[in-house]
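Okay, structure first, notes after.
FYI, it's all coordinate maths here, none of it is from the lab. Bear in mind the structure is a predicted one, so any value in this text is a computation, not a measurement. A quick note on method: Cβ atoms are made from the backbone with ideal geometry, for glycine too, and the neighbour counts reach across all protein chains shown.
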Amino acid sequence: MLPQEPERELVGRTIAAMLMAQQIQHTGQVHSETLLTELGALAGFAVQMSIRKSVIERQKLNADTILVEVATKNDEVYYFSDLLNWMLFENTEQPPYSVWAYVRAAVPLTHHLLLPDISEIVSNAARSIGTSRFGVPRLPREHMPHKLPRAALEEHWRRIHAELGSRNPSQWPYDIAAAAQWQMLTGRDTIDPAFAARIVMEAAIPMSKVDPRTIMGA
């Protein structure tokens, strides 16, 4: 269990409610898999943006010393980083906990054996950069989101970024992770939390590597 963080939990609920309201406005209902995908995509990308804003810009560092840029044959650019991995999925033992730590905390201990293999999701994201498979969740057809992670990121980042404007950029990934956690807990009667964790991370890991220059509002 992670320690309670009332302020972060409030921010997280607000973010989840914003996305739910937009779904209802457009379709008349909430599609849980799509909402989890949206939150995962935003949380993953927020890790990279947090590094850029709260580490690189604040300390006036050369971005190349923190983020490794990888260009593909089709001229797309992706970013890799040990710090990004630490914030996204490695740090589960001490604050500030990783995005994965928040997601995993929503899953009962009795279901932990059903959690996704994070290293396998990471490997798949790395193998698929520059291809049509990149960022496409590997989920059963009946559980596919109504929009892919990249589309969710392009649609929502500017608005969510504005909502997080008063928060320190170092907190952005964890605020959105708290939103995902809240949705996993409140929707557990609809989607098993361990499977919901897979949906979130299938979006979060690839979207953490996306070039910010291609995302409006980044």
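Classify the range 4-86 as rounded, prolate or oblate, taking a ≥ b ≥ c as the square roots of the eigenvalues of its Cα gyration tensor: rounded when a/c is under 1.5, otherwise prolate if a/b is larger than b/c and oblate if not.
It comes out oblate by the Cα gyration axes.
Below 11 angstrom from the Cβ of ALA101, what's the summed charge of the other residues (Lys, Arg +1; Asp, Glu -1)?
-1
Of LEU61, LEU88, LEU35, which has the largest mean-square fluctuation in a 10 Å C-alpha GNM of the chain?
LEU61
Select from the range 26-105 those GluC sites (Glu not before Pro) which occupy a DSSP coil region and have at most 11 other Cβ atoms within 10 Å, ordered by residue number.
Working: sites: GLU33, GLU38, GLU57, GLU69, GLU76, GLU90, GLU93; in loops: GLU76, GLU93.
Those that pass, being in a loop and sparsely packed, are GLU93.
Quick check on the range 129-170: take the gyration tensor over C-alpha atoms, sort the square-rooted eigenvalues as a ≥ b ≥ c, and tell me if it's rounded (a/c under 1.5), prolate or oblate.
Details: a/c = 2.91, a/b = 2.10, b/c = 1.39.
Prolate is the answer for the range 129-170, as a/c is 1.5 or above and a/b outweighs b/c.
In straight Cα distance, which aspartates and glutamates are under 15 Å from LYS147, not counting same-chain residues fewer than 8 positions off?
By straight Cα distance, LYS147 reaches GLU33, GLU38, GLU155, GLU202.
Using Cα positions and a limit of under 29 Å, work out the lysines in reach of LYS60, with same-chain residues fewer than 8 apart set aside.
Once the sequence-local lysines are set aside, what remains near LYS60 is LYS209.
Given springs between every Cα pair under 10 Å in a Gaussian network model of the chain, which of VAL200, VAL68, VAL136 has the largest fluctuation?
VAL68
Please report the net charge: other residues with Cβ closer than 14 Å to the Cβ of VAL55, K and R +1, D and E -1.
Computed value for this residue: +1.
Sum -39500 (n - 2.57) across every DSSP H segment of at least 4 residues in the chain, then divide by the residue count to get the 222 nm mean residue ellipticity, nearest 500.
-16000 deg cm²/dmol
For the range 7-208, max minus min Cα coordinate along each principal axis, in Å, sorted largest first?
Ordered largest first, the range 7-208 gives principal extents of 46, 38, 37 Å.
Just tell me, in residue order, which DSSP H segments of the chain are both 24 angstrom or longer along the helix axis (alpha-carbon based) and at least 0.5 in mean Kyte-Doolittle hydropathy.
Sorted by number, the helices that extend far enough and score high enough are 32-50.
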